[in-house]
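This report concerns only the one structure given below.
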Amino acid sequence: MKHERILVTGGAGFIGSAVVRHLIANTAAQVLTVDKLTYAGNLASLKPLENNDRHEFLQADICDAEAMAKIVEDFKPSAIMHLAAESHVDRSIDGPAEFIHTNITGTFTLLQAATDFWRTLSDKDRESFRFHHISTDEVFGALGDEGFFTEKTAYDPRSPYSASKASSDHLVSAWHHTHGLPTVITNCSNNYGPYHFPEKLIPLIIIRALAGEPLPVYGDGSNIRDWLFVDDHARALVLAVDQAAAGENYMIGGNCERTNLQVVHAICDILDNIQPRDDGKTYREQIEFVTDRPGHDFRYAIDASKIKNELGWTPTETFESGMEKTVDWYLNNRDWWEDILSGGYRTNRLGVGGG
């Protein structure tokens, strides 16, 4: 890998921590993780890296211009992987202000710090430097029954979250075209896997199923997502920051389309096999259909052929193998998510509107 010093923002979050763990395990890079440690940032997700001399953690807010400038100047990264973001659609419906602040203002602040530092580099180092912005397929809105998002798909965000991420994508692109900053943008499909924050669909269903609680499914459960195992995504991101040309963008998807109800059924069936309920009932009997989310996009699906053809990446996990690994991880790492729940977080419904 050509990058020797990588700054990862949001590195204590779900995808960010997977990236950091992958970098330490599979490259020789020195990694600095920066995270504000909000509700979704958890140092326990970086516990496997304790005492590793190639990893350092700093708690900081990407909206703090002075802190970001100092961090970038002191660490002198050859690449920045920007994952810090508010990322939950339901939370953005209830409280959009934090999403606007973090995802838009925070990205702008980091771009400023990165650009100021990049301009001080030698010609060779300026050319190899990368600012990698990690984004989502939700910026493209909803698909019908057919078709796929590609790198040419027009932006059409439908939620405060996706609108804030679309804005940050455009800022990164503008900094490349206006200032010449060597950027890469990737847009991914829905991730799942170990260390996923409990309010997201898959960990939420696993935890509530084990607690014997109702398993909420929005609407009739027919909304479709393309699911991507987080470790496959981490591999793609590291490949992109290392190999992608400046100004490129890539779609990253798992080629695993499932309805939300199919996802819940899969979790229930795995649990039935490996940890049956004591009363002999099936976990599917806990499913409860609830009022749909406002502005709930019907279908997302990604055409990831560009990153496959140009960079040689393909996912290694199928939906079935990835889901089995995920459920098994939550069963064997109760301390991780029970610590989150004991800290006051509850798995109650978010995103019903009304602020």
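No value in this document is a laboratory result; all are computed from the given coordinates. The shown structure was predicted, so the numbers you read here are calculated from the model rather than taken from an experiment. As a convention, Cβ positions derive from the backbone with ideal geometry for all residues, glycine included, and neighbour counts pool all protein chains shown.
What the table below lists for this structure:
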| item | result |
| --- | --- |
| Extreme residue, positive dipole direction of the chain, given options His3, Phe57, Gly16 (C-beta unit charges) | His3 |
| Computed magnitude of the charge dipole of the range 214-347 (debye, nearest 20; Cβ of K, R +1, Cβ of D, E -1) | 220 debye |
| Extreme residue, positive dipole direction of the range 119-255, given options Ala244, Ser189, Ile205 (C-beta unit charges) | Ala244 |
| Residue range of the chain that is longest and free of trypsin sites (Lys or Arg not before Pro) which are both DSSP loop and sparsely packed (at most 16 other C-beta within 10 Å) | 153-276 |
| Coarse-grained scattering of the range 1-63 at q = 0.16, 0.21, 0.29 Å⁻¹, given as base-10 log I(q)/I(0) from a Debye sum over alpha-carbon atoms | -0.43, -0.74, -1.34 |
| Kirkwood hydrodynamic radius over Cα pairs of the range 71-130, then Stokes diffusion coefficient at 10 °C and 1.306 mPa s, in µm²/s | 122 µm²/s |
| Largest-first ellipsoid semi-axes for the chain, taking √(5λ) over the Cα gyration tensor eigenvalues, angstrom | 33, 22, 19 |
| Span-rule helices in the chain, defined as complete DSSP H runs reaching 24 Å or more along the axis (Cα) with Kyte mean at least -1.0 | 160-179 |
| Radius 14 Å from Cβ of Met1, net charge of other residues (Lys, Arg +1; Asp, Glu -1) | +3 |
| Among the listed pairs Lys200/Lys325; Lys165/Lys308; Lys47/Lys281, those beyond 27 Å (Cα-Cα) | Lys47/Lys281 |
| Ranked by how many other beta carbons lie within 10 Å on average, peptides 184-190, 100-106 from highest | 184-190, 100-106 |
| For the chain, calculated [θ]222 nm from helices alone, where every DSSP H run of n ≥ 4 adds -39500 (n - 2.57) | -12000 deg cm²/dmol |
| Whichever lysines have a C-alpha closer than 16 Å to that of Lys70, once near sequence neighbours (fewer than 8 apart) are set aside | Lys36 |
| Magnitude of the charge dipole, the chain, Cβ model with Lys/Arg +1 and Asp/Glu -1, debye to 20 | 420 debye |
